[in-house]
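Peer 1: My questions will all concern the structure given below.
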Amino acid sequence: MGETGKLANKRSLVTGAGTGIGREIALEFARQGSNVALHFSHAPDGAESAAAEIRAMGRRAIILKADFNDSSAALRLADAALDFLGGIDCLVNNAGITFNCPFLKIRPQDLNSLFNVNFLTPFLLTQKLVDSMLKQASGAICNLASIHALQGAPEHAAYAATKGAIVAYTRALAVELGHRGIRINAIAPGWITVEGYAAAIPGFNLEQAAEDAKTKVPLARYGLPVDVAKLAVFLCSEDAGFIAGQTFVIDGGTTALMSLISDFRTESSARFGSGYLPER
């Protein structure tokens with residue numbers, strides 16, 4: 001296959017690439033011309049099948065295991081990716097744990113695991129790879145945050161804290177490194193249906209989810225991993241060459257919807273302004 005696409009000849013590392021959003025990002029990067037190192041934490045099957053698809057496109061691919069509860073794994077992962085690809089042009093920090101728990105039941109070990117996996121280890125991985133990017137005076141980094149960093153939801157205090165940290169450090173690091181050729185942005189997904197939903201949500205099924213999304217999401221559907229993957233491609237490509245330090249919300253309009261509005265699909269029967277504006 002010819003070297004074409006928005007990421008032609010780029011060398012990319014995608015963490016958490018064994019399932020869901022991360023796997024689709026790795027595949028979309030390859031479709032856009034990038035060679036890819038795919039990180040996974042436990043089960044290799046999803047990363048292996050994605051790597052096989054990438055090689056079938058004519059790209060290079062490798063799968064690399066690292067448990068992000070061990071921060072030293074970040075350094076080993078970085079070295080392995082650099083060794084295979086010969087450098088890194090694009091880093092997507094997607095690996096993370098989604099977690100909900102009532103505030104008074106959150107244990108110290110829960111916080112430790114969440115911050116290790118969602119923030120500390122990706123931070124150290126980025127630090128290691130930025131050192132390499134500075135030598136080539138170029139690079140693009142995309143951090144996966146969440147709409148939980150922007151809006152409140154019960155039982156998500158700990159998880160939201162990790163995602164808020166990602167938004168804040170993305171902004172600060174982009175200012176520090178932008179003049180040295182490295183662009184950093186973040187993506188905050190909303191409802192993106194992934195295979196893990198079936199295991200985490202009792203009774204979950206795609207048919208009911210599609211019906212629920214019609215009344216809960218302004219665009220009347222839930223999001224797909226490919227929606228996020230295409231945004232990640234844009235942010236790591238030259239098309240986004242003048243964008244840095246931003247967090248892009250991709251949620252079908254969810255956070256744009258005022259929480260007091262119960263139904264955005266039909267015309268309201270309320271008539272505010274009556275007596276002040278000309279009669280209609």
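Just so you know, all these numbers are worked out from the coordinates, no wet-lab data involved. Computed from a predicted model, the values in this text were never measured in an experiment. In this analysis, Cβ positions are derived from the backbone assuming ideal geometry, glycine residues included, and neighbour counts consider all displayed protein chains.
Peer 1: Quick one: what are the phi-derived ³J(HN,Hα) couplings along the stretch 93-108, Karplus 6.51/-1.76/1.60 with θ = phi - 60°, whole Hz, x for glycine and proline?
Peer 2: Couplings: 8, 9, 4, x, 10, 8, 8, 10, 6, x, 3, 6, 9, 6, 9, x Hz.
Peer 1: Follow-up. Kindly point out, ordered by number, any Cys in the chain whose beta-carbon has no other cysteine beta-carbon under 4.7 Å away.
Peer 2: Taking the Cβ cut-off of 4.7 Å, the unpaired cysteines of the chain are C101, C142.
Peer 1: Separate question: Based on alpha-carbon positions alone, could you give the equivalent ellipsoid semi-axes of the stretch 134-280 from the gyration tensor, as √(5λ), descending, whole Å?
Peer 2: That gives 34, 22, 15 Å for the three semi-axes.
Peer 1: With only Lys, Arg, Asp and Glu charged, each at its Cβ (+1 for the first two, -1 for the last two), find how big the charge dipole of the stretch 11-250 is about the Cα centre; round to the nearest 20 debye.
Peer 2: 380
Peer 1: Using a simple spin-label model with points 7 Å from Cα along the Cα→Cβ vector, what separation in nm is obtained for F264 and A153?
Peer 2: 1.6
Peer 1: Rounded, prolate or oblate: which one fits the stretch 89-182, using the alpha carbon gyration tensor with axes a ≥ b ≥ c (rounded when a/c is under 1.5, else prolate when a/b beats b/c, else oblate)?
Peer 2: prolate
Peer 1: Taking the alpha carbon gyration tensor of the chain, what are the square roots of 5 times its eigenvalues, largest first, to the nearest whole Å?
Peer 2: Semi-axes from the Cα gyration tensor: 34, 22, 20 Å.
Peer 1: Taking 0.36 nm per residue of separation and subtracting the Cα-Cα distance, what length does fully extending T4 through D239 add?
Peer 2: 83.1 nm
Peer 1: From the helices alone, meaning DSSP H stretches of at least four residues, give me the mean residue ellipticity at 222 nm for the chain, per-run term -39500 (n - 2.57), in deg cm²/dmol to the nearest 500.
Peer 2: -12500 deg cm²/dmol
Peer 1: Using the Cα gyration tensor of the stretch 27-71, with a ≥ b ≥ c the square roots of its eigenvalues, what is the shape: rounded (a/c below 1.5), prolate (a/b larger than b/c) or oblate (neither)?
Peer 2: prolate
Peer 1: Going 7 Å from the Cα of R76 in the Cα-to-Cβ direction, what parts of the stretch 1-33 have a backbone nitrogen less than 20 Å from that spot?
Peer 2: Within reach of a label on R76, which here means backbone N under 20 Å from a point 7 Å along Cα→Cβ, the stretch 1-33 contributes 13-18.
Peer 1: Same structure, new question: With the crude spin-label approximation of a point 7 Å out along Cα→Cβ, what separation in nm comes out for D83 versus H42?
Peer 2: 2.6
Peer 1: For F204 and A168, FRET efficiency with R0 = 30 Å and r from the beta-carbon atoms, rounded to 0.05?
Peer 2: For A168 and F204, the calculated efficiency is 0.40.
Peer 1: Specify the angular offset, from 0 to 90 degrees and rounded to the nearest 10, of the alpha carbon long axis of helix 20-31 from the longest principal axis of the alpha carbons in the chain.
Peer 2: Tilt of helix 20-31: around 60 degrees.
Peer 1: Take each of the peptides 208-218, 186-196, 9-19, 263-273, average the number of other beta-carbon atoms within 10 Å over its residues, and list them starting from the highest.
Peer 2: The most tightly packed comes first, giving 9-19, 186-196, 208-218, 263-273.
Peer 1: Answer with one residue from V226, Q208, C90: the one whose Cα lies farthest towards the positive end of the charge dipole of the stretch 11-250, charges on Cβ with Lys, Arg +1 and Asp, Glu -1.
Peer 2: It is C90.
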